[in-house]
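So the structure is just underneath, and the comments pick up after that.
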Amino acid sequence: MTSISFEFYPPKTDEQRAQLDRAADKLKKYAPEYVSCTFGAGGSTLSYTSETVRHLKQHHGFEAAPHLSCVGGSREEIRELLKLYRAIGCRRIVALRGDLPSGMGHPGDLRYASELISFIRAEHGDAFHLEVGAYPETHPQASDALSDLKHFKAKVDAGANAAITQYFYNPDAYFGFVDAVRKLGVEIPIVPGIMPISNFSQLRRFSEQCGAEIPRWIAKRMTAYGDDAAAIRDFGADVVAQLCQRLIEGGAPSLHFYTLNLAKPTQLVLSRLG
Ligand code: FAD
């Protein structure tokens, strides 16, 4: 049985908190290895992530990993967060550069995720298991695909233990990425990030921003379903379950599901996988 993990975002309202609790309750039965909670750069969003991680640990009993991005932050702010995460018993962190929200000028003290990894290792040794981001279809801001691979390797050389990929719908992108970084000497597990499909127009917007390609045959079918939400959900679950099946057969070490705090789309995929 392939191990799985789930990603949530930190709720900000009571309604969103109730939604997260419902999703967490339903997804518990799949016994994830851990769950993670995303992080928005800057200001008050910092405490939403730590509060959510605490809640996922204490109320739901998950091993919970905060995402931590360095962009826009000072060394001192990151130091404080690391102390807090250690104090609440976090053993795992998803360490990222992040993206500056538009209008936020200051890039922060650490420029790249590789610098964040080095900083965490210098301050805390091996206290944390560090996951980093990987981009099978190339990070959208990379100057070119080969330098992106080298920058990925720099994160591993700095001390990353494992990687989670941006989502993708073409399994060859994942296998090609894994082959390419293995040739560079990278040995850490590279876990596919899986985005179940529920709302296609939202997915299309997301994908344009983060550089994930939706294959033409999927986009065409989805567009043809129009407002038929049930058909979109059903076809989406088939497509993503087949993707997961191919990834598992091809040797993916585990699967990380982007839940968007909804249980149903992930459940539909997992039920097809048995
Ligand atoms: P990096 O690895 O630092 O790379 C960023 C870019 O810089 C790449 O184009 C890379 O090629 C380039 N680069 C790296 N090093 C150098 C160098 N030395 N010289 C020149 N160029 C360099 N975002 C959030 O805001 N919050 C989240 O919680 C969050 N969670 C995520 C979870 C996962 C699993 C993934 C895959 C992404 C997540 N993101 C999140 C998005 C992520 O923050 C963005 O994709 C961001 O633009 C890059 O972060 P990174 O850690 O991959 O950056």
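The values are calculated or read from the model by the stated rules, or taken from the named source; none is laboratory data. Predicted, not measured: the structure shown is a model, and the values here were computed from it. Every residue, glycine as well, gets a Cβ built from its backbone with ideal geometry; the counts of neighbours run over all protein chains shown.
So, in the stretch 64-78, exactly how many residues are of a type outside the set (S, T, N, Q) and within 11 Å of the ligand (Cβ to nearest atom)? The qualifying residues number 7.
Could you check, for the stretch 145-166, whether at least one of its residues is modelled with pLDDT of 95 or more, closer than 25 Å to R204 by Cα and more than 7 Å from the ligand (Cβ to nearest atom)? Can you show your working first?
From the stretch 145-166, those modelled with pLDDT of 95 or more are 145-166; that's our starting set.
With closer than 25 Å to R204 by Cα added as a condition, the list becomes 145, 148, 163-166.
Applying the additional criterion that residues be more than 7 Å from the ligand (Cβ to nearest atom) yields 145, 163.
Yes.
Counting the residues of the stretch 184-220 that are surrounded by fewer than 16 Cβ atoms within 10 Å (Cβ to Cβ) and within 23 Å of G251 (Cα to Cα) gives 6. Please indicate, with yes or no, whether at least one residue in the stretch 127-135 is more than 10 Å from the ligand (Cβ to nearest atom) and crowded, with 17+ Cβ neighbours inside 10 Å. Within the stretch 127-135, one or more residues are more than 10 Å from the ligand (Cβ to nearest atom) and crowded, with 17+ Cβ neighbours inside 10 Å.
Looking at the stretch 115-126, which of its residues are surrounded by 21 or more Cβ atoms within 10 Å (Cβ to Cβ) and among the polar types (S, T, N, Q)?
Restricting attention to the stretch 115-126, the residues satisfying the condition of being surrounded by 21 or more Cβ atoms within 10 Å (Cβ to Cβ) are 116-117, 120.
Within the stretch 115-126, none qualify.
Looking across the stretch 115-126 at every residue that is more than 8 Å from the ligand (Cβ to nearest atom) and among the aliphatic types (A, V, I, L, M), the one that is nearest to D179 (Cα to Cα) is identified as I117. Residue pairs whose Cβ atoms lie under 6 Å apart, separated by 6 or more positions or on different chains, with the first residue in the stretch 116-136 and closer than 12 Å to K155 by Cα and the second in a loop (DSSP other than H, G, I, E, B) and more than 11 Å from the ligand (Cβ to nearest atom), are I117/G159; R121/G159; L130/N161. For beta carbons closer than 8 Å, sequence separation of 6+ or different chains, a first residue in the stretch 29-57 that is aromatic (F, W, Y) and at pLDDT 85 or above and a second that is in a helix (DSSP H, G or I) and within 13 Å of the ligand (Cβ to nearest atom), the qualifying pairs are F39/T45; F39/L46; F39/T49.
Of all residues in the stretch 92-107, which are without any contact (Cβ under 8 Å) to a residue 60 or more places away in the chain and more than 25 Å from V181 (Cβ to Cβ)? Let's see the steps before the verdict.
To start, the set of residues in the stretch 92-107 that are without any contact (Cβ under 8 Å) to a residue 60 or more places away in the chain comprises 92-93, 96-100, 102-103, 105-107.
Result: L100, S102, G103, G105, H106, P107.
Taking first residues from the stretch 200-212 that are within 15 Å of E137 (Cβ to Cβ) and partners that are within 16 Å of the ligand (Cβ to nearest atom) and assigned to a helix (DSSP H, G or I), the Cβ contacts under 8 Å between residues at least 6 apart in sequence or on separate chains come to A212/F206. Tell me, yes or no, whether the stretch 141-156 has at least one residue that is touching a Cys at 6+ places or on another chain (Cβ under 7 Å) and buried (at least 23 other Cβ atoms within 10 Å of the Cβ). Taking every residue of the stretch 141-156 in turn, none turns out to be touching a Cys at 6+ places or on another chain (Cβ under 7 Å) and buried (at least 23 other Cβ atoms within 10 Å of the Cβ). Among the residues of the stretch 225-247, which ones are assigned to a helix (DSSP H, G or I), farther than 18 Å from K264 by Cα and more than 23 Å from the chain's Cα centre (by Cα)? Correct list: Y225 only. Return a yes/no flag: does the stretch 99-114 have any residue that is surrounded by fewer than 22 Cβ atoms within 10 Å (Cβ to Cβ), within 7 Å of the ligand (Cβ to nearest atom) and closer than 29 Å to A252 by Cβ. Yes, the conditions are met somewhere in the stretch 99-114.
Taking the stretch 248-260 as the range and being crowded, with 21+ Cβ neighbours inside 10 Å and either in a loop (DSSP other than H, G, I, E, B) or without any contact (Cβ under 8 Å) to a residue 40 or more places away in the chain (or both) as the test, the residues that pass are A252, T259.
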